[in-house]
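> There's a structure below that I have some questions on.
The values are calculated or read from the model by the stated rules, or taken from the named source; none is laboratory data. Values in this document were obtained by computation on a predicted structure and should not be read as measured data. No Cβ is skipped: glycine too gets one built from the backbone with ideal geometry, and neighbour counts run over all protein chains shown.
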Amino acid sequence: MLELYILLALLALGFFVGQYLEKQHYRSINARESELVDLVTTSSKHPFGDIPVIIDRRLVQGSVVVSVDYFKRMLAALRNFFGGNVRAYETLVDRARREAVLRLKESCPDAKQIINLRIETSSIFKGAKDQIGSVEVLAYATALYY
Amino acid sequence: MFVTNTEDIPGKRIVACHGVVSGSTVRAKHVGRDIMAGLKNIVGGELKGYTELLIDAREQAFERMQAQARQLGANAVVNVRFSTSSVAAGASEIYIYGTAVTVE
């Protein structure tokens, strides 16, 4: 009986606090994204448009490890049974990617353009016994100053 | 030292190529961080301990790659790639590689 209570408490905690935290995170992501929208970022190898003499170029990176909450993990486990879209994990990787790119941009506020953006996702602790539903996203690119 | 992940150094000309250089590091998480991450895992969100751990590891691998490039007499590394893999349970390997070149 006690175990059931603990499980329910964890689920409730995951549902309410997790949802609140996710909303807050999305709000912060949206605000920062609109702030940094002027910084040209491309995934192509060559700079975009006509540019003057480049004075500096630097490898920049941003990374984040994000995990899902308890409730969503249960939800995803159920989903595994029926198949279909796992929405719970879709928001997880979406948040992680956008956060990583934001951190990359924030690490070089004076850059004029960011080229060759690459995003890599890995589940770092796969294989561990108590698997944590978390992903790591690394974004890296070349920042140009001119 | 110039390091980029593009095939050339924008605004510079490559005059010599020294071959592939790489740096790697394998890191394991420690118990304290594990407990914190376990707690954080109930409500979800960023696992700051792990983020920092991986940033540290990446810095070290990056340093190693640059040291190797310097040893070859290069002054730049182009086409840098990152890769992360979990080699064993609870440990992850960070591998960074690129091409060492000399630019004008």
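> Would you confirm, using the coordinates I've provided, whether B:Gln60 is more than 8 Å from every other protein chain (Cβ to nearest Cβ), farther than 26 Å from A:Ile114 by Cβ and part of a helix (DSSP H, G or I)? Write out each step before concluding.
Numbers: more than 8 Å from every other protein chain (Cβ to nearest Cβ): yes; farther than 26 Å from A:Ile114 by Cβ: no; part of a helix (DSSP H, G or I): yes.
No.
> To continue, here is another question. Go through the range A:1-48 and count every residue that is touching a helix residue (DSSP H, G or I) at 6+ places or on another chain (Cβ under 9 Å), among the aliphatic types (A, V, I, L, M) and outside any helix (DSSP H, G or I).
Summing the residues that are touching a helix residue (DSSP H, G or I) at 6+ places or on another chain (Cβ under 9 Å), among the aliphatic types (A, V, I, L, M) and outside any helix (DSSP H, G or I) in the range A:1-48 gives 2.
> Here's another thing I want to ask about it. Taking A:Ile115 as the residue in question, decide whether it is within 8 Å of another protein chain (Cβ to nearest Cβ) and modelled with pLDDT under 80. Lay out the reasoning, then the answer.
Working: within 8 Å of another protein chain (Cβ to nearest Cβ): yes; modelled with pLDDT under 80: no.
Spelling it out, it is not the case that A:Ile115 is within 8 Å of another protein chain (Cβ to nearest Cβ) and modelled with pLDDT under 80.
> Of all residues in the range B:63-104 being among the aromatic types (Phe, Trp, Tyr) and under 20 Å from B:Ala28 (Cα atoms), which is nearest to the other protein chains (Cβ to nearest Cβ)? Explain how you work it out, then say what you get.
Step one: of the range B:63-104, the residues among the aromatic types (Phe, Trp, Tyr) are B:82, B:95, B:97.
Narrowing further to those that are under 20 Å from B:Ala28 (Cα atoms): B:82, B:95.
Numbers: B:Phe82: 6, B:Tyr95: 11 Å.
The qualifying residue nearest to the other protein chains (Cβ to nearest Cβ) is B:Phe82.
> Among the residues of the range B:20-41, is any at pLDDT 85 or above and out of contact with any helix residue (DSSP H, G or I) (no Cβ under 9 Å at 6 or more places or on another chain)? Walk me through how you get there before you give the answer.
The first filter runs over the range B:20-41 and keeps only residues at pLDDT 85 or above, leaving B:20-26.
Narrowing further to those that are out of contact with any helix residue (DSSP H, G or I) (no Cβ under 9 Å at 6 or more places or on another chain): B:20.
Within the range B:20-41, one or more residues are at pLDDT 85 or above and out of contact with any helix residue (DSSP H, G or I) (no Cβ under 9 Å at 6 or more places or on another chain).
> Can you list residue pairs whose Cβ atoms sit under 8 Å apart, with the first residue in the range B:3-26 being within 12 Å of chain A (Cβ to nearest Cβ) and among the basic types (Lys, Arg) and the second being loosely packed, with under 15 Cβ neighbours inside 10 Å and not in a loop (DSSP other than H, G, I, E, B)? Count only pairs 6 or more apart in sequence or on different chains.
Partner pairs satisfying both residue conditions: none exist.
> Right, next: Being aromatic (Phe, Trp, Tyr) and within 15 Å of the chain's Cα centre (by Cα) is the filter here, so list the residues in the range A:64-112 that pass it.
Quick first cut of the range A:64-112, residues aromatic (Phe, Trp, Tyr) only: A:70-71, A:81-82, A:89.
Matches in the range A:64-112: A:Tyr89 only.
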